[in-house]
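A quick write-up on the structure given underneath.
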Amino acid sequence: MSAHGLTIREAGVSVRRPLVYGLLTAALLAAVVASLALGAVKVPVEAVIDVLLGREASGPDRQIIETLRLPRTVEALAVGAALGVAGAILQGALANPLASPDVIGVTGGAGFGAILIIILFPGSIALLPVGALAFGLFAAALVFAIAWSGANRGATGKVILAGIAVLSLFTAGTTGLLAAYPERAPSAIFFIAGGLTSSGWEEMSAIWPYFVVGFVAAALLIRPLDRLALGDDVAGSLGSRPHLIRLGAAIAAALLAAASAAIAGLVGFLGLVVPHVVRMAGGTSSHTFVVPASALGGAALLAGADTLARTLRAPVEMPVGPFMAVLGVPLFLWLLRKVV
Amino acid sequence: MRRSLLALLVIALLALPAGAQAAPRIVALTPFGANTLAKLGVEPVGVGQTLGGRERLSPKLKGVPVLPLSHPNGPNLEQLASLEPDVVLSSPTWAKGNESMGDLGIRVLIREPRRLRESYAQTLAIGRLVGRARAAEELVKKTKARVAMARREIDSHPRVMVILGVGRTPFVFLPNSWGGDLVAKAGGELLTGGVESGSGFERISDEVVVAEDPDVIIAVPHAEEDDIPSLAEYLRSNPAWAGTSAVENDRIYISVDNSLLQAGTDVARTIRKVRRVYLDNWPG
């Protein structure tokens, strides 16, 4: 009877996964179309298609689509996917449902690096993405150094506590800078609140290698993370090295989250919630499903939320965070009620 | 004899003109408030630290204690209380601190104009506060005459976008901001994408910058003189603005003296500078 029940359940899950993939792909396509077609300036759909196909289009239309909307859409997809994957592998590696890039200190470090440039070196503002990336990775390295030394090296609890301590340290530094130079704070607001900018391909062309390395590392960690989900002892008996898997996942997540912060500022929520949503929707915690589905879901959510943030009060642009919550929280709560 | 002396003293006190009464002890947190007091011949007991140092404060205020300010609390309340002010001329920027100052029994008056006409009304109000109403009227008259001179023969109205802050997420100055109003008074056609906001600033889409194609972009970052070349280069490199007339004609300017950011009493000089340096519509 139980064997029969299990078979039905497995069959249900195997149907749900393609369905979830289909829905996420449809949401992603809709978000991309909306992101390219909508904005503060009305550009006819035919003109959008003409520009994308490389055909003739009027000067401003071409510039708006080619220089502003297309790079911004690509950034939204990359950052959304990166944060979704970072959250998925961290939650798996640390066996903690509350894990997100915040936990390994990246967010706090990236925020401090960016605010340092904005407040103390405004003349070097072009280095803002570099500052965010460098300090994000430095903060993560600090967490790893603390967590993987001394007693209980690499233990989940130790990683999380080290992360919280480092996050607090950098957050205090950021707050101190903002308090010391209050008149310079407005320039920092959008970075802290999180949001994409229309800065062409410049930032993406500098940051993309970090995304690539992070995504490849995450893909390679999918199977080891599934083994880790069975517990450290079982994973060890299967030939895996739990501490090494955990470290690899944390490094991959740090690369993805720091690269994301360099482009879009401190975008919270996504890395925490999207993996849970796809896990609940797919009815499985298998990383073979959760990691790619989180990439699709994160990309769709950020691209959709960014379109809302720049069109709802157009031409005023708003931070993207609240819109991600508006789009994501109702779905999350509905799933929470239905599934858990 | 003693009664006669007392009677004489009472008569003398009653005979004193209102203007000679002891002026209240005033702390001026804004450069506008502090410099207006200086121009009226009144020395405040304290002034607020101005953005970018003391260069915007009148030399007459040299020696007056300077209070550091933090957002949104304004001055340290203990430092403020030690100056025993009756009145503080403050700004909406220090909204939270204004409440606390009121709780200390200090009268808080907002004296941070965001339009030129507000500055006239606030000058007169400060004059009445310190018993120098006549001097304030004279000051307003003189300022209006200087502004009229600074606005003479405006024969071109370039489209101007004035942006606040650094980075790729600039806020634009709206007509109800000090800088926006002065640029408009200098003959600039202020580009805002049709946005309105009570704060006087709003972040607008770069798509609007492309569509409205400003002739001139004036950036007002929180930066130092030394930062100007690199900031100008950074702004010119913004791909979103690359096709605008401002970039093509190399008309991106950086203003770091805060004269567009925060109200002052050197209005005519600021308008002249905007016309000469940024808008290129100064006669001759």
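Rule-based calculations on the coordinates, nothing more; no lab input. Note that the structure is a prediction, hence the values are computed from the model and not measured. Every residue, glycine among them, receives a Cβ derived from its backbone with ideal geometry; neighbour counts consider all protein chains shown.
Some observations on this one:
- Taking the fewest neighbouring Cβ atoms within 10 Å as the starting point, the ordered list for A:SER100, B:SER245 is B:SER245, A:SER100.
- Electrostatic dipole magnitude of the protein assembly as shown [Cβ: Lys, Arg +1; Asp, Glu -1; Cα centre; debye, to 20]: 1620
- Among B:PRO113, B:ASN98, B:ALA148 the positive-end extreme of the charge dipole of the range B:76-185 (Cβ point charges): B:ALA148
- Neighbour-count ranking [beta-carbon atoms within 10 angstrom, fewest first] of B:VAL87, A:VAL216, A:VAL33, B:VAL147: A:VAL216, A:VAL33, B:VAL147, B:VAL87
- Computed about its Cα centre, the charge dipole of chain B is approximately 1800 debye, with only Lys, Arg, Asp and Glu carrying charge at their Cβ.
- Counting only other chain Cβ atoms within 10 Å of each residue's Cβ, the peptide A:196-203 averages 5.
- Cβ-based charge dipole, the protein assembly as shown, positive-most Cα from A:ALA179, A:ILE118, B:PRO75: B:PRO75
- Taking chain A and dividing mean pair separation by its residue count, relative contact order in percent (alpha carbons under 8 Å, at least six apart): 30
- Peptide A:131-144 shows a mean partner chain C-beta count of 0 within 10 Å per residue C-beta.
- Summary: within chain B, the longest segment free of trypsin sites (Lys or Arg not before Pro) located in DSSP loops with at most 11 other C-beta atoms within 10 Å is B:153-284.
- Projected onto planes of every orientation and averaged, the convex hull of the alpha-carbon atoms in the protein assembly as shown covers 37.9 nm².
- Reach of A:LYS158 by Cα under 27 Å, taken over lysines that are not fewer than 8 positions away in the same chain: none
- Diffusion constant of chain B at 4 °C, which comes from Stokes-Einstein with the Kirkwood Cα-pair radius and 1.567 mPa s, µm²/s: 63
- Peptide A:305-312 is shielded by partner chain Cβ atoms: per residue, an average of 1 of them sit within 10 Å of its Cβ.
- Between A:ALA303, A:LEU38, A:VAL316, the Cα set farthest toward the positive side of the dipole of the protein assembly as shown (charges on each charged residue's Cβ, about the Cα centre) is that of A:VAL316.
- Global geometry of chain A, whether rounded, prolate or oblate, following the gyration tensor of its Cα atoms and the 1.5 cut on a/c: oblate
- A:ASP233/A:LEU98 FRET efficiency (R0 30 Å; Cβ-Cβ; nearest 0.05): 0.80
- Measuring nothing but how far apart in sequence close Cα pairs (under 8 Å, 6+ apart) lie, relative to its length, the range B:222-284 scores a relative contact order of 27 percent.
- Taking other residues whose beta carbon is less than 15 angstrom from the beta carbon of B:GLU196, and scoring Lys, Arg as +1 and Asp, Glu as -1, yields +2.
- Spacing of the modelled spin labels on A:VAL329 and B:LYS142, each 7 Å from Cα toward Cβ, amounts to 5.7 nm.
- Surrounding net charge for B:ARG159, when Lys and Arg each add one and Asp and Glu each subtract one, Cβ distance under 9 Å: -4
- For the range A:231-333, a crude dipole built from +1 on the beta carbon of Lys and Arg and -1 on the beta carbon of Asp and Glu, taken about the Cα centre, is about 80 debye to the nearest 20.
- DSSP-loop GluC sites (Glu not before Pro) across the range B:50-159, with at most 13 other Cβ within 10 angstrom: B:GLU55, B:GLU153
- Each stretch of four or more DSSP H residues adds -39500 (n - 2.57); spread over every residue of the protein assembly as shown, this sum gives -18500 deg cm²/dmol at 222 nm.
- Helical segments meeting 18 Å axial Cα length and Kyte-Doolittle 1.0 threshold in chain A (DSSP H): A:2-37, A:70-94, A:106-120, A:128-147, A:156-180, A:242-264, A:321-339
- Counting other Cβ atoms within 10 Å as a rough exposure proxy, the listed residues B:MET161, B:MET149 run B:MET149, B:MET161 from fewest neighbours to most.
- Modelled this way, with points 7 Å down the Cα-to-C-beta line, the labels at B:ALA95 and A:VAL212 are 4.8 nm from one another.
- Filter on B:LYS60/B:LYS273; B:LYS62/B:LYS141; B:LYS60/B:LYS142; B:LYS39/B:LYS144 - keep pairs with C-alpha separation over 21 Å: B:LYS60/B:LYS273; B:LYS62/B:LYS141
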